[in-house]
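Okay, handing you the structure first.
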Amino acid sequence: MNLSILKINIDFRYYINYLNIGDMIMQDPIRKIFLAFIEIHILHHAKKEPIYGSWMIEELKHHGYDISAGTLYPIFHKMEKSSLIRSKKVLFEGKIRKYYTITKDGEKTLNEALIKIKELSNEIRET
Ligand SMILES: [Zn+2]
């Protein structure tokens, strides 16, 4: 099989998964905004300490985001592909667990996002 076609298919599958938050039944525009919030949230925690999937799902639950592993992992994958986070496999209680930490690019993106969030939040409060 043509490898590039295979790669496109895989990318396409992730893209579909990424947009298809079945666990968050929402209108598309809202879903996209929430996905961006989730990414910023991931960057924030991956900066403080290495994080892993089930921990992040619980953490997001505390903030009112009901997200499944099937939704979160494609987000991790996409962010790693964009060099915002990097993963490391660690053996934990006989199982391989993937820990994610922020990269330099990720820190830069997070800082820029925080400036924009602050600016927007001030603007909204003023009106
Ligand atoms: Zn948090």
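The values are calculated or read from the model by the stated rules, or taken from the named source; none is laboratory data. Values in this document were obtained by computation on a predicted structure and should not be read as measured data. FYI the Cβ positions are ideal-geometry reconstructions off the backbone, even for glycines, and counts take in every protein chain you see.
Would you mind stating whether residue 97 is touching a residue at least 24 places away in the same chain (Cβ under 8 Å), touching a strand residue (DSSP E or B) at 6+ places or on another chain (Cβ under 8 Å) and of a type in the set (Lys, Arg)?
The answer is yes for residue 97.
To continue, here is another question. Hey, among 38, 33, 42, 57, which residue is farther than 21 Å from residue 109 by Cβ and in a helix (DSSP H, G or I)?
Values: 38 fails: farther than 21 Å from residue 109 by Cβ; 33 fails: farther than 21 Å from residue 109 by Cβ; 42 fails: farther than 21 Å from residue 109 by Cβ.
None of the other options fit; the residue is 57.
Could you please let me know if residue 124 is at pLDDT below 95, over 13 Å from residue 39 (Cβ atoms) and not acidic (Asp, Glu)? First the steps, then the outcome.
On the way: at pLDDT below 95: yes; over 13 Å from residue 39 (Cβ atoms): yes; not acidic (Asp, Glu): yes.
Judged against the criteria, residue 124 is a match.
Hey, can you tell me all the residues within segment 99-127 that are closer than 11 Å to residue 86 by Cα and polar (S, T, N, Q)?
Quick first cut of segment 99-127, residues closer than 11 Å to residue 86 by Cα only: 99-106.
101, 103, listed by residue number.
Then there is this: Can you tell me which of 57, 75 is at pLDDT 95 or above and within 13 Å of the ligand (Cβ to nearest atom)?
Numbers: 75 fails: within 13 Å of the ligand (Cβ to nearest atom).
Testing whether each residue is at pLDDT 95 or above and within 13 Å of the ligand (Cβ to nearest atom) leaves just 57.
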